[in-house]
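Report on the following structure.
The values are calculated or read from the model by the stated rules, or taken from the named source; none is laboratory data. Keep in mind the model is a prediction, meaning the values are calculated, not measured. With ideal geometry, Cβ positions are generated from the backbone for all residues, glycine too; neighbour counts draw on all protein chains shown. Areas reflect the complete protein model, heavy atoms only, side chains present, ligands, DNA and RNA absent. Shrake-Rupley method; radii C 1.70, N 1.55, O 1.52, S 1.80 Å.
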Amino acid sequence: MQTPSKQPERSSMTHEEEEDILHDISKLQDQVQQMSLSQKLTEAKINGVESKIKGVEAKLDDLKIDLKKYFKTDMAGLKTDLTNFLQEILTNGEKVVKETHDANKKMLIMISSTLM
């Protein structure tokens, strides 16, 4: 015995309804594509900003190193200048740092260390 073949069921949608659905699907696909492009653009901008931030951080690190070197050198010069200045003005031009005057030597060391 053979089974009678079924006739394909007809869709209950009209041709206009099918076109509307296809149109809506097309719109959704466009929206998804736009969102995807927008997301890629946003990610590219974020990567660019992150790259710029890394560059700025590197420049700041270099600046910190340069400032440390500058201040170290500048402080050494200032210490020398202060020593010379103190030697000129104290005790009628007598030198503060003398091998035989330990008290004066300690005073100069104390003054210099407080400036650093």
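State the percentage of accessible surface on region 6-81 attributable to carbon and sulfur atoms; use a 1.4 Å probe and exclude ligands, DNA and RNA. With neighbouring chains kept in place, the figure for region 6-81 is 58 percent.
Here residue 82 and residue 60 are evaluated by their C-beta separation; at R0 = 35 Å the FRET efficiency comes out at 0.65. Taking every protein chain into account, the 1.4 Å probe leaves residue 43 with about 90 Å² of accessible area, to the nearest ten. Debye calculation, C-alpha points only, no solvent: report log10 I(q)/I(0) for region 11-54 at q = 0.18 Å⁻¹, in the same order as the q values. Reported log10 I(q)/I(0), two decimals: -0.64.
A cut-off under 13 angstrom between Cβ atoms defines the neighbours of residue 71, and their net charge, with Lys, Arg +1 and Asp, Glu -1, is +3.
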